[in-house]
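What follows draws every value from the coordinates through simple rules; no lab data is involved. Treat the numbers as computed from the prediction; the structure is a model and nothing was measured. Glycine gets a Cβ as well: all are built from the backbone with ideal geometry, and neighbour counts include every protein chain shown.
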Amino acid sequence: MKLKIAILAGDGIGPEVTNEATGILRAVAELGGHDFTFTPALIGGIAITETGSPLPQATIDISLESDAVLLGAVGDNKFAALSPDKRPEAGLLQIRQALGGFANLRPSIAYEALSSNSPLRPEVTKDADILFVRELLGGLYFGAPRWWDRDSNEAINTMRYTKPEIVRVARVAFELAGKRRKKVTSVDKANVLEVSQLWRATVTEVAKDYPDVTLEHQLVDSMAMHLMNIPRNFDVVLTENLFGDILSDEAAVITGSLGMLPSATIGGAVNLYEPVHGSAPDIAGTGKANPLGAILTAAMVLRHSANLEVEAAAIERAVLDVLEAGHRTADLARGTDSAYTVVSTTQMGKLVHQSLTQAIDRRQSMHAV
Ligand code: IPM
Ligand code: MN
């Protein structure tokens, strides 16, 4: 299988974690005889420094010519004083728009091996397995008008959705729920916002095409609470852009670290894959970054852009094996005792690689028998 992957490593810990993720993809290619190519391109603060733009045209071209785009992280405090459209984050929003993916899938799973990492009690997080489907191209992030008038001290952003924008992302949520536990929780603020009333009415209409999937509606404020109280009650959670941004970070508490969460954005010309965590400039270059979010993101590349489900699941299994063997990056070492070994970013990558190779060797020798 041939796969062209654009690598947009970006800022802070982005390059470190992306390196480990591409290492795992290379291993999969080698073990399975696949032809994966990796083309680096600039985005974010590093792109501003080198080209003056957070998203150079060359990066858009390389991305659009690829089968998948794997992104590390963007964000650099150096540019904190700039207006939002000139900051590194603008590069991320622009690449999302250029690729056109509107459904951002963010799984949030309570791994048993990490149950002591969550501040929530293990009996609360037990069996939690949530898939957020976050609308990624609409809402306050992109609505016009938007401005900040420094003279009048007034600023405005616009939350806007059209029915087709809601229909297409809702369909993704229902399709995915149909393959899981068959429940969609749609999040809105329909007691206050007209946009949310349109959202709720539209999702309710779409649900009629999926009679085997149960739909429930939750207001975003009470959803924030339920998510921490009974996370196992949720299967697929469908949200607009900003609510999904907030709730998916909150849901990282269930897993135990933001560093564990992967994401995939589908529905556009080329799928975009990025760990949920940011550029974490405070730990960049220290070997403390957790590469597992990026490595699990690599698994999503194989699942959603290459149809290599077995290989994707093998990566996920390898990550679990390494955690179960007691290896932890610094973010996961909190509250742990001497039963755990704290490892660096690159060591963690190597451990997953080893575990993956062994699993595949075992499978091949089983086939040989
Ligand atoms: C995320 C990030 C981005 C977002 C930022 C960096 C623009 O927080 O991917 O969740 O808000 O979408
Ligand atoms: Mn976010």
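General remarks:
- Hits among lysines - C-alpha to C-alpha of residue 179 under 24 Å, sequence gap 8 or more where chains match: 126, 208
- Around the amide H of residue 235, modelled in the peptide plane, lie the amide H atoms of 185, all under 5 Å away and 5 or more residues distant in sequence or on another chain.
- For residue 360, net neighbour charge (Lys/Arg +1, Asp/Glu -1) across residues whose Cβ lies under 15 Å away: -2
- With kT/(6 pi eta Rh) evaluated at 25 °C and eta = 0.890 mPa s, and Rh the Kirkwood radius from Cα pairs, segment 118-255 diffuses with a coefficient of 156 µm²/s according to Stokes-Einstein.
- Summary of the geometry: segment 272-295 and segment 86-101, compared by the centres of their Cα atoms, lie 19 Å apart.
- Across segment 158-294, the relative contact order, built from alpha-carbon pairs under 8 Å that are at least six residues apart, equals 21 percent.
- Euclidean distance of C-alpha centroids, segment 1-32 and segment 145-159, integer Å: 40 Å
- Virtual spin-label span in nm between residue 64 and residue 269, 7 Å along Cα→Cβ: 0.3 nm
- Theoretical ellipticity at 222 nm over the chain - DSSP helices of four or more residues, -39500 (n - 2.57) apiece, nearest 500: -13500 deg cm²/dmol
- Taking one quarter of the surface of the convex hull spanned by the alpha-carbon atoms of the chain gives a direction-averaged projected area of 19.8 nm².
- Peptides 77-87, 122-132 ordered by packing proxy, namely the average of other Cβ atoms within 10 Å per residue, highest first: 122-132, 77-87.
- FRET E, pair residue 197, residue 129, Förster distance 35 Å, beta-carbon r, rounded to 0.05: 0.70
- When only Cα pairs below 8 angstrom with a gap of at least 6 residues are kept, the chain shows a relative contact order of 22 percent.
- Electrostatic bookkeeping for residue 199 treats Lys and Arg as +1 and Asp and Glu as -1; over the other residues with beta carbon under 10 Å from its beta carbon, the sum is -2.
- Residues whose amide H comes within less than 5 Å of that of residue 12, counting only those at least five positions distant or on another chain, are absent (H built at 1.01 Å from N in the peptide plane).
- Neighbour net charge for residue 311 - beta-carbon separation under 13 angstrom, K R +1, D E -1: +1
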